[in-house]
Structures are given as C-alpha cells and as structure tokens.
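What follows draws every value from the coordinates through simple rules; no lab data is involved. What you see is a predicted model; the values in this text were computed from it and never measured. Counting neighbours? That spans all protein chains shown, and the Cβs are built from the backbone with ideal geometry, glycine included.
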Amino acid sequence: MQVLSSKVLRAAVYAVLSLPILFGGCGIKTNDTTPRLLKTENAAAADLMKEVNRFAQVNSMRAKMYFKFEDNSFAEFGNKEVYRQADGEVVVQRPAKILLKVQVPIIKSDVAQMTSDGESFRVAVLQDGGSGKYKKFLKGTNSADYSRLQKSFNVAEPAHSQAAKENVNAFANLRPQHFTDAMLVRPTNEAYVYTQSTIFQIEEDLSANKKSPLRKVMRGYYLLDEFEKQPDGVLKIMRRFWFDRVGGIRLARQQIFDLKGEIESDIVYGKEGDLTETDQYKNLPLEITVTRPKEKYSMKLTYQTPSAVTIGNAFPDAAFILQNSWNLEEIDLDKKLRDAVAAQTPEPQETGGTRFQ
C-alpha cells in the first residue's frame with residue numbers, strides 16, 4: 001500500500017507539472033501583453049545616405065521658434081526641472097554659425113542672446129529674475145571643456161532659490177554651437193565608412209488609449225553608422241542616424257559622438273511638415289529636441305510658423321559675433337580655465353641645493 005501510494009503521488013505531481021505544457025499555460029493569468037509588431041519598410045544604405053543629404057540641403061535658415069528647456073542635473077535621482085516655454089529666434093548658416101535669441105513670452109523682452117562663429121561662442125545673459133547677479137557676458141571656445149569650472153561653480157553656488165535655479169541652470173551650460181548640427185545636418189562624406197544595421201524598440205503608440213492593449217508596439221529602425229578611419233586603421237564612430245521604418249523611411253534621430261566614443265549630442269526629430277512658402281523644403285522636422293548628456297540638459301525647439309521660415313539667405317559673418325552692447329560684466333572662460341588649472345597644479349618640489357648655487 002505504501003508503494004502504491006508513492007506511485008500515485010508521483011503520478012499526481014507529474015500530472016500537475018505537465019498541465020502548463022499540455023495546455024499552453026491555460027489558467028495562468030498575466031497582465032502582460034505582447035507588443036504589436038509594426039510593419040516595416042525596406043531600404044538600402046544608399047537610400048539612407050540620400051535622406052541624410054536631403055536634410056543637408058538646408059544651408060542657412062532664419063526662424064521664429066518656441067524653446068522649452070529641461071534641466072536634467074538631478075536625473076540620476078529621478079528628478080528634472082522643466083521650465084516654461086519661451087519665444088525666440090534662430091539664425092543658422094553653414095558650416096557652423098548660429099545666432100540664438102531667447103525671449104520672455106508676451107512682452108518679447110530678451111532673456112539671453114548667444115552666437116557662435118564655428119570656433120568660439122559668446123553668451124549674454126540679460127535677465128536673471130531681478131537680482132542682476134547672473135547678468136554676464138561670457139566668451140569661450142567651442143572645443144574647450146569647461147566642466148572643471150562648472151563643478152567649482154556648483155560648489156560655490158548651491159542655488160537653492162527658485163530664481164537662481166531657473167537662471168543658473170538654464171544658461172550656465174547652454175551653448176549656441178550645440179544646435180548647429182541639429183538644424184544644419186552635415187552631409188555624408190566619401191572619406192568616411194558607413195554601415196547599416198537594424199534594431200527594434202518597444203514603444204508606446206500615443207494615438208491609442210492608455211489602457212488599450214494596442215498601445216504597446218514594436219517599432220523597427222535602420223541604423224546608419226558613420227566612421228572615420230584613423231591612421232592606425234582603427235575606425236572611430238562619428239555619428240549614428242536612426243531611420244523610422246514604419247509607414248516609410250524617416251530620419252528620426254541623430255547621435256553625435258565625441259573623441260572617446262561617448263554620446264555628445266542626442267537629437268530627436270519630431271513630426272514632419274513643410275518649411276517656407278515654397279515647395280522646395282517639404283517633409284522636414286517641425287520639432288527638434290537636443291539632449292546634451294554631459295551638460296545635463298535638453299532643449300526642444302518648435303517652429304512657430306513653419307511657412308514663415310526663410311531658407312537660403314546669406315548672412316554676414318558679423319551677425320554671428322555677439323557684441324557686448326549692454327556693458328555687461330565680461331567673463332573670459334578660457335582665462336578662468338587656465339587660472340583654475342594653474343591653481344590646481346602643484347608647484348615642483350625643491351630637491352636640495354647644488355654646488356653651483
């Protein structure tokens with residue numbers, strides 16, 4: 001009887017364990033839904049490069065825009081500061097020149113103006129909430145790394161007040177040259193190497209109801225990576241383009257890498273439309289979001305009136321060199337960086353006298 005009972009028990013256990021296999025898991029309820037796989041279109045690398053070069057046909061632009069700044073300084077703690085939308089104007093011209101004005105809505109008073117001639121930048125902070133403490137005229141070099149200055153600045157200025165946060169955070173790291181490659185996409189280069197691959201991402205279809213099982217989708221992308229061949233034969237990644245493959249082929253994202261292969265700019269291109277009153281610049285992004293991971297901020301740029309945008313005009317070089325006509329206190333960031341490096345460099349130790357003293 002004891003043997004029989006053991007056999008019956010083992011048989012019962014085996015039967016229970018086999019139920020999910022025999023019936024495909026029937027009776028086990030989960031709330032997970034499989035993302036809906038969206039139909040994708042096919043394209044060759046030559047087609048993707050052609051689309052990049054179509055964007056690159058824009059050689060200059062002047063546009064009224066809306067700006068929305070997002071401070072990600074505390075993103076590691078799950079927090080971020082999103083500031084109200086501001087009006088502004090952007091003038092860009094190849095190869096990397098830009099004039100950017102940020103204004104207070106309604107009264108149209110400038111909060112800041114900034115320019116870059118491709119090598120150096122100038123930033124005038126014209127309003128800071130009334131204290132006047134942060135109204136400065138900054139000058140620096142595009143290729144310089146001022147993170148050393150920013151760290152010491154953050155330590156010296158806790159900036160707990162709302163007014164300080166809204167002004168210091170919004171303009172301390174904002175640089176005009178961060179937006180040139182976003183608005184003036186550089187064309188492909190025959191000297192570079194390009195590779196094509198695919199990737200699928202789980203996303204949310206915002207057009208579907210939040211509780212709908214169809215809201216979660218699997219969207220396919222092409223990746224076009226751009227590499228520069230180094231003298232030693234090693235390939236260094238320069239840019240990565242993401243192309244949405246659903247409903248056509250659309251340039252949806254551009255990532256620009258630094259010398260270490262880390263993301264320097266992450267640029268997302270939003271819904272498309274027509275710019276200018278002509279038919280020449282069709283299906284171009286009406287929204288551009290630039291994220292700078294190192295500087296810990298994002299800026300969303302939206303064209304106020306796409307049809308009023310002007311493209312193709314030539315602007316004088318002087319338009320991209322901001323002058324301190326407000327007589328603001330000037331800060332030379334290159335000089336401050338040199339001073340900071342000198343202050344932190346230990347003086348050489350004396351090793352004792354010699355017989356020639």
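Compute the FRET efficiency between V104 and L223 as 1/(1 + (r/R0)^6), taking r as their Cβ-Cβ distance and R0 = 25 Å, and round to the nearest 0.05. List each step's numbers first, then the result.
Details: r = 40 Å, r/R0 = 1.62.
It comes out at approximately 0.05.
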20 Å Cα-Cα reach of K229 towards lysines, excluding residues that sit fewer than 8 places from it in its own chain: K260
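For the range 225-357, compute Rh as the Kirkwood radius over C-alpha pairs and then the Stokes-Einstein diffusion coefficient at 10 °C and 1.306 mPa s; write the answer in µm²/s, rounded to an integer.
Values: Rh = 20.4 Å.
Result for D is 78 µm²/s.
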Dividing the alpha-carbon radius of gyration of the range 169-271 by 2.2 N^0.38 Å (N being the number of residues), what value is obtained? 1.31
Where labels lie 7 Å past Cα in the beta-carbon direction, separation of D145 and A314 in nm: 3.9
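By the scheme Lys and Arg +1, Asp and Glu -1, what is the net charge of all other residues having a beta-carbon under 13 Å from that of D332? Intermediate values should be presented prior to the final figure.
Numbers: positive: R122, K136, K139, K335, K336, R338; negative: E329, E330, D334, D339.
Local net charge: +2.
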In this model, which of K68/K271; K39/K68; K64/K282; K101/K300; K50/K294 are farther than 23 Å apart at the alpha-carbon? K39/K68; K50/K294
So how far apart, in nm, are the two label points at Q344 and K210 if each is 7 Å from Cα heading toward Cβ? 4.5
Using Cβ counts within 10 Å as a stand-in for footprinting exposure, how do T198, T180 rank, fewest first? T198, T180
